[in-house]
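Shown next, in C-alpha cells, is the structure this report addresses.
Readers should treat all values here as calculations from the given coordinates under stated rules, not as data from a laboratory. Given the structure is predicted, the values throughout are model-derived calculations rather than measurements. A quick note on method: Cβ atoms are made from the backbone with ideal geometry, for glycine too, and the neighbour counts reach across all protein chains shown.
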Amino acid sequence: MATVRYSRIFIAGVCLMTLACVNVSAQDVQFTAEVDQNKIVLGASAQLTLTVTGTQDVTGIPAPSADGLDIRYLGPSTQISIVNGQYSSRKSWIYSVMPLKTGHFTIPSVSINANGSSRASDPVEIEVTDTPANPGVAPVPSSPSSAETDTSLTDKVFLVLRLSKDKVYVNERLPIKILLFVAGLSVADVHFPEFKQAGVDMDKFDQPQQYDQMVNGIRYHTVEFNTNIYPTRIGELTIGPVTLDCNLAARSASARTPFGAGMFDDDFFNTFFDRYEKRPLALRSKTSGLTVLPLPEENKPADFAGAVGQFNLDASVGPAEVNVGDPVTVRMQIGGEGNLKMVQPPAFTGADNFKVYDPQIKEEMGVKKLEQVLIPESEHVTGIPAVQFSYFDPTLQRYQTLTKGPFPITVRRPKSDAGLKVVGSAAAGGAPASEPPVLGHDIVFIKESPGTFYVIGERFYRTLPFYLAVALFLGAWTVLWIAYRRTRKMTTDVAYARRLLAPKEARRDLREAKRLEGSQDTGKFYDALFRTLQKYLGNKLHLSAGAVTFETIRSRLSGRVDEKWLEEIRQAFDECDAIRYAPARPSAGSCAESYARVQRIIDALERSIS
Amino acid sequence: MNIRIVILFMFLVGGVAVPAVDDAVAANSDLISDAGALSKFMTAAAAYRAEDYDKAVAAYEAILRGGKESGALYYNLGNSYFKKGSLGKAILNYERARRLIPRDGDLNFNLAYARSKANLPTVSGMSWAQLAPTPNKDGVGVPTPDALGRDVGIDQRIRNWTDRELVWMLCGFALLLAAGHVSSLYGRWPRRARRGVIGSLCVAWLICAGGLAAKISAEKDLAVAVAAGEAKFEPREDATAHFRVTEGEPAKILEAGDSWAKIKRADGVVGWVPGKIFERF
C-alpha cells in the first residue's frame, strides 16, 4: 500500500514540474538595465541593476563598462515566485557606479545569453553634476570654468609633492612636504605616503598635520606629511612620484532618506540614512626635479667624514683625577641640523700613554652620542687630547671645524703596588668585587722555604712499619670482636656455656677426686669420681644431674663416639655404684684404675664431641 | 652481620691496596741529608734572585739527584725553567709540585700562566681530559664537550689532595670505624645508632678509597712534553706524521721503548713520539 501511495506522489510531482516547464517556456524572456538615480553628483555612487526575467538559464555575468564611470560588480540576486499557478523568475546583477568626472554618460547596451539566444539591454543615461555632495560640509563653490568644463574626481582629491628647494649639496638635508588635498569628498583610511627613490636617504615621516586651505577659490581639506630627504647621488635627480593609498567613502544615492529632499536633506540626517561605500583609491603625485651639487674640494679638512649641515659639538671627560690604570670616560655629543647617519664622532683610535677601548656610539632624539674609555698608562699624562669635528655648512657654503679640549686630567701613581702585582685568583683568596686593572703578567716569585723534604718515590704507606701497624690494628680489632662474640654467647647460650666449661670443671673435679684417692674413705673417692663423670656428661650433653644415667648417655652418644667408650662409661658407672652402694672395699689399684678410666673417658669425649 | 662482612671486605681491600715496601728506595744509600738539601735550596734561591737561572736549575736538580723532593723545590725549579724559556720543563715541574702541594695558590697561578704561554687551556685545576689541545680545523679528534667535562668533578677534587693526605684520611676513617664498631658492641648501642654511625664511616672510607684509586689511576703514566715535536703513526723516523705536539702538552705514556714512546693525547688520539719529548710527572 505504501509503495502505491509514494508512486502517486512522485507522478503528481513530475506532472507539476512538467506544467511549470511548459509555463516557463511559454513566459517571455526580458533583459533590462536600470539605475536607481539617473542624476548623481561627483563623489557619490549610483546602483545599476541588470535584470533578466522569464528564465534562469543565463550563462556568464554581464560586464558593463563606460568611460568616465567606475563600475564595480556587487553581487547577484535571484527571485522565483509562483502566484496562482503562474511561475515567474527574476535574476539580477547589481553594480555600483561611481563617476570619475562630471558630464553625461551612457552605460552602453549589455548582452547576455539566455535560453540559448542573445538578449541586449537598453542603454542607460546618467548625468553627473558637480553640485556639492554634502551642502552642510565643505561647500565647493563652482569655479567660473566649471560650468563649461567637466570636473574630474582627480580635481577633488589629489597628492602634491613639494621640495623646499631645487638645488642642494650632496648629503644635505632637504625638507619635503607631501600634501593630500580633498575637496567635498569623504576620504578615509589614509596611509602614509610611499616614497621609493634611488640615490636618496630619507627620514621617517612626522605626524601628519590636517587643516583647511583655499586654493583657487576652492576650500580643500589638506593632510600634510613632512619629512627630510638626503640626496646621496650627485647630478640631476627626479624626485617622485609619491604614492598614497586611501579609501574614498562614496555616498550611495540608493540609500537616500525615504523622506526625500527637503528638511531631511542635510548632513545630519544623511549621516543616519546614507550608505557609504569604501572604494580604494591610489593617488600619485607629480615628480619634481632636483639638482644635487658635489661638495667643494677646496679647504676640505683632513678629518672631514661627510657630515653636511649645521652641527654643534659637546665633549666632556671624567673623572678629572685618576690613578694609573683607572678608566677615564670621554663623552661626546653631536647635534644639529643634518644627516646624523653621516656623522662620525671623532673617536680616539690610539694615543700615547693611553690604552684606548672601542667607542660606544648611539643615536638618540636627533643627537649622536659617543662614549669611549681611555686608560692612562703613565702618571706623566696631563690631559686628554683635544677632539675635532668637521662638517660642511651648506648655508655658508664652506667647511666648519669644531674643537673641544684638550681636557686636563691628573694621573697619580697608585699608593701601593698591590694593583700592579699580578696575583692569581687562588692566591688572592677569591676575586675582589672590582678587580684593579692589570698592567702586566708574570709568574709568582719563588718560595723561600723548601717545605718538607721527602725521599723521592718513598711513601710512608709503602713502608714496613706502616704495614705492621695496619696488621696490628686489624688484629686488635679482630680480637676485640671475637672476645665480644664469645662473651655474649656465654651469657646467652647456656648449653654452649656448659659444653665449653665442662672439661675445665671436670679437671677441677678430678683434682678433687685425686686428693681423695689416697684417703681411707674410698666411698668418698668413688662418690667424687661419679659426680665428676656425671657432671661432665651433664654439661657436655646439656642434661640435668638427675637425667645422667647410662641409658640416657648411650642414647645421646650412640653413633657419635666409639662403642668402646660407651662400654668404658658403663664400667665406670658400675664401679662407682658398686663401691658407693655396697660394703665392698676396693684395692688401691682399683681406685687408680677407676680414676684413669674416668680420665680417659673425658679425654676421649673431648676429642670426639666438640 | 652484614656490616661486619663489609668491614672485613674493606680491610681485605685495604690490605691488598697497600703496596709492598719499596726496597729500592730503602736500599738507596746516596741520599742527600735534609741539611744538605736545604743548603742547596738556599743557594739556588740566591742564584734565582741574581737572575742566574742556569745555576738555580743546577742546584735544584742536584737536590733531586740526591733523592729528595718537595713541593716548593719543584715549584722553584719550574719558575727557573720558565725564566729560562723552557715552558715544557716549567709545566712538568709545576705538575710535579702539584702532587705535593696541590692547593698552593702561587703554584696554580704559575701553572695556569705557563699553560697560557704554551697556548694550552689555562684554567687552574683542570682535569687531564680537559687539557686537550686546541681542536684542529678539520675537527679530527676533537673532544666533545661531554668528554671534556666528564670527569671534571671527581678528577679536580682528587687532584686537590695528595696521595699521602688521602692515605692518612683512610687510616683516620678506619680508626674511627673500628672505634665506633667496638664501642657500639661493648657499649650496647641501639641498633639504629650503630648502623648510622658505622654506615656513615663506611661511606666516608669508601669515598676516600675510591678517590685514592681514581687519583692513582688518573695520574699513572701521565707525562708532559718538554719539547715540541711531531707524533707519528709508527715508531720510525720516516713514518707519516700524525699530529704536532706542543711544548707543555700533557699526555699519557702507553708504551715506553728505548727511543720511541707511544702516547695518548687527552682527546684519545694515539701517536708515537721520540722518547726524549715526554717526561713523566
Discussion item. Please compute the average number of Cβ atoms from other chains found within 10 Å of each residue's Cβ in peptide B:103-113.
Written reply: 6
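Of the listed pairs B:220/B:262; B:55/B:84; A:300/A:369; A:101/A:278; B:89/B:252; A:167/A:362, which have alpha-carbon separations greater than 20 Å here? Intermediate values should be presented prior to the final figure.
Numbers: B:220/B:262 15 Å; B:55/B:84 11 Å; A:300/A:369 24 Å; A:101/A:278 18 Å; B:89/B:252 16 Å; A:167/A:362 31 Å.
Table pairs above 20 Å Cα-Cα are A:300/A:369; A:167/A:362.
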Item to complete: Go ahead and run the numbers for FRET between residue A:442 and residue A:379, Cβ-Cβ distance against an R0 of 25 Å, rounding to 0.05.
Response: 0.75
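Could you work out the relative contact order of region A:24-125, using alpha carbon pairs under 8 angstrom and six or more residues apart, expressed as a whole percent?
On the way: 227 pairs, mean separation 34.2, N = 102.
It rounds to 33 percent for region A:24-125.
Determine the shielding of peptide A:474-480 by partner chains: average, over its residues, the number of Cβ atoms on other chains within 10 angstrom of each Cβ. Let's see the in-between values first.
Values: counts 7, 0, 2, 10, 3, 0, 5.
The per-residue average across the peptide is 4.
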Practice prompt. Quick one: check the C-alpha center-to-center distance for region A:36-61 versus region A:541-610, whole angstrom.
Written response: 145 Å
Worksheet entry | Inter-label distance for residue B:238 and residue B:175, nm, one decimal - labels placed 7 Å from Cα along Cα-to-Cβ | 6.5 nm
Fill in: Label-point separation in nm, residue A:365 to residue A:581, each point 7 Å along Cα→Cβ
13.2 nm
Worksheet item: Which lysines have a Cα lying under 25 Å from the Cα of residue A:489, excluding residues fewer than 8 positions away in the same chain?
Response: A:504, A:535, A:540
Practice prompt. For a quick protection proxy, order the peptides A:76-83, A:563-570 by their average other-Cβ count within 10 Å, most packed first.
Written response: A:563-570, A:76-83
Discussion item. Run the paramagnetic zone check for residue A:590: 7 angstrom along Cα to Cβ, then residues of region A:516-542 with backbone nitrogen under 12 Å.
Written reply: A:522-523, A:526
Worksheet, complete the sentence: Place a point 7 Å from the Cα of residue A:194 in the direction of its beta carbon; the residues of region A:284-302 whose amide N falls under 13 Å from it are A:284-285
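Between residue A:300 and residue A:570, what length in nm is gained on full extension when 0.36 nm per residue of separation is reduced by their alpha carbon distance?
82.9 nm
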Worksheet item: In peptide B:168-176, what is the residue-averaged number of other protein chain Cβ atoms found within 10 Å of each Cβ?
Response: 2
Worksheet item: Between region B:238-281 and region A:490-520, how many Å separate their Cα centres?
Response: 78 Å
Worksheet item: From Cα coordinates alone, what are the radius of gyration and Dmax values for region A:57-124 in angstrom?
Response: 14.9, 49
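Which order do the peptides B:188-194, A:501-507 come out in when sorted by mean C-beta neighbours inside 10 angstrom, highest first?
On the way: B:188-194: 11.4, A:501-507: 16.1.
So the order, starting with the most tightly packed, is A:501-507, B:188-194.
Ranking A:455, A:308, A:324 by Cβ neighbours within 10 Å, fewest first, what do you get?
Result, fewest neighbours first: A:455, A:324, A:308.
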Worksheet item: Using 1/(1 + (r/R0)^6) with R0 = 56 angstrom and r between the beta carbons of residue B:220 and residue A:483, what's the FRET efficiency to the nearest 0.05?
Response: 0.85
Fill in: Per-selection metrics, region B:31-125 (Cα): Rg and Dmax in Å
12.9, 39
Fill in: Approximate spin-label separation residue A:224-residue A:552, in nm, with each point projected 7 Å along Cα-to-Cβ
13.5 nm
